[in-house]
1. Give the residues of region 120-142 that are over 20 Å from residue 22 (Cβ atoms) and surrounded by 23 or more Cβ atoms within 10 Å (Cβ to Cβ), sorted by residue number.
2. Considering only region 1-49, state which residues are buried (at least 20 other Cβ atoms within 10 Å of the Cβ) and of a type in the set (Asp, Glu).
3. Say we look at region 50-61 and pick out the residues that are in a loop (DSSP other than H, G, I, E, B) and touching a residue at least 40 places away in the same chain (Cβ under 8 Å); which of these is surrounded by the most Cβ atoms within 10 Å (Cβ to Cβ)?
4. Tell me the residue from 73, 22, 66 that is aliphatic (A, V, I, L, M), farther than 20 Å from residue 146 by Cα and in a loop (DSSP other than H, G, I, E, B), please.
5. State whether one or more residues within region 168-180 are in contact (Cβ under 8 Å) with a residue 12 or more places away in the chain, more than 20 Å from residue 128 (Cα to Cα) and surrounded by fewer than 15 Cβ atoms within 10 Å (Cβ to Cβ).
6. Cβ-Cβ below 7 Å, separation at least six or inter-chain, first residue in region 83-106 and more than 17 Å from residue 32 (Cα to Cα) and touching a residue at least 12 places away in the same chain (Cβ under 8 Å), second surrounded by 13 or more Cβ atoms within 10 Å (Cβ to Cβ) and β-branched (Val, Ile, Thr): which pairs?
7. Take the residues of region 195-207 that are part of a loop (DSSP other than H, G, I, E, B) and not basic (Lys, Arg): which is farthest from residue 14 (Cα to Cα)?
8. Considering only residues that are in contact with a Gly (Cβ under 8 Å, 6 or more places away or on another chain), surrounded by fewer than 16 Cβ atoms within 10 Å (Cβ to Cβ) and β-branched (Val, Ile, Thr), which ones fall in region 62-119?
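A short reminder: the numbers here are calculations on the coordinates, not readings from a lab. Being a predicted model, the structure only gives us computed values, none of them experimental. Virtual Cβ from ideal backbone geometry, glycine too; neighbours counted across all protein chains shown.
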Amino acid sequence: MNVETLAIGAFETNCYVASGAAQEAIVIDPGDNADTIVAFLKARRLTVAAYLLTHGHVDHVSAVAAVCQSLPAPVYLHSADLAWAFDNVNQMLPFYPAPTPPAAPGRPLADKERRTDAGLPYEVISTPGHSPGSVCFFFAEEHVLFSGDTLFAESVGRTDLPGGDSRALAASLTRLAKLDGSTRIYPGHGPATDMAREKKHNFFLRGL
């Protein structure tokens, strides 16, 4: 698996492009700067198999409609966040207006769902807390986890936004802490890390 990172938008959200042996990719969290994402994909001559959204917050979903219009593919998001992600309640002015819904929505994601896109098998792990429908994408064969805003390098996602739940987040982190220490973690913001480092240095994971 090849993983490339685009830090985009006002909040420097990490948009990931994950590709395998073929010229096909998964795009994770296209949150802003649609032109930049499309140009990146076209420059590498990549087709898109799927757009995966770790959660519904505006800085993670705002570019998906425009990118999908240029490079059509199904869009996947957990139903608990799909209910409000493309509504006026999800705007964050002056940085982000309400996101435009994509024209090619896919079936809502479910916990423990196993999928293969772009030739890459992965599992959906439901991790509510930062938002009700937060999920992580675990590529077991690659030892890679895309953690969205659930888990950061030496930190975790905030729970003071609407729908946040600190107890749910603690339960989600306990679940993630069972992953092998070699698991490479690509978070929604900031640098990549690994589970061994987080278990040692992340206050919220120590002792789990």
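1. 127, 128, 129, 130, 131, 133, 134, 135, 136
2. The answer is 29, 32.
3. Step one: list which residues in region 50-61 are in a loop (DSSP other than H, G, I, E, B), which gives 53-57.
This time we only want the ones that are touching a residue at least 40 places away in the same chain (Cβ under 8 Å), so: 54-57.
Details: 54: 32, 55: 28, 56: 24, 57: 28.
Among those residues, the one meeting the criterion is 54.
4. Values: 73 fails: farther than 20 Å from residue 146 by Cα; 66 fails: in a loop (DSSP other than H, G, I, E, B).
Step by step, each of 73, 22, 66 is checked, and only 22 is aliphatic (A, V, I, L, M), farther than 20 Å from residue 146 by Cα and in a loop (DSSP other than H, G, I, E, B).
5. So the first thing to find is which residues in region 168-180 are in contact (Cβ under 8 Å) with a residue 12 or more places away in the chain, and the list is 168-177, 179-180.
Still in the running and more than 20 Å from residue 128 (Cα to Cα): 180.
Next, only the ones that are surrounded by fewer than 15 Cβ atoms within 10 Å (Cβ to Cβ) stay: 180.
Yes; the residues of region 168-180 include at least one that is in contact (Cβ under 8 Å) with a residue 12 or more places away in the chain, more than 20 Å from residue 128 (Cα to Cα) and surrounded by fewer than 15 Cβ atoms within 10 Å (Cβ to Cβ).
6. Listed pairs, sorted by first residue: 104/75; 105/75; 106/75.
7. The initial filter retains those residues of region 195-207 that are part of a loop (DSSP other than H, G, I, E, B), namely 202-207.
Narrowing further to those that are not basic (Lys, Arg): 202-205, 207.
On the way: 202: 20, 203: 23, 204: 22, 205: 22, 207: 28 Å.
The selected residue is 207.
8. Selection gives nothing.
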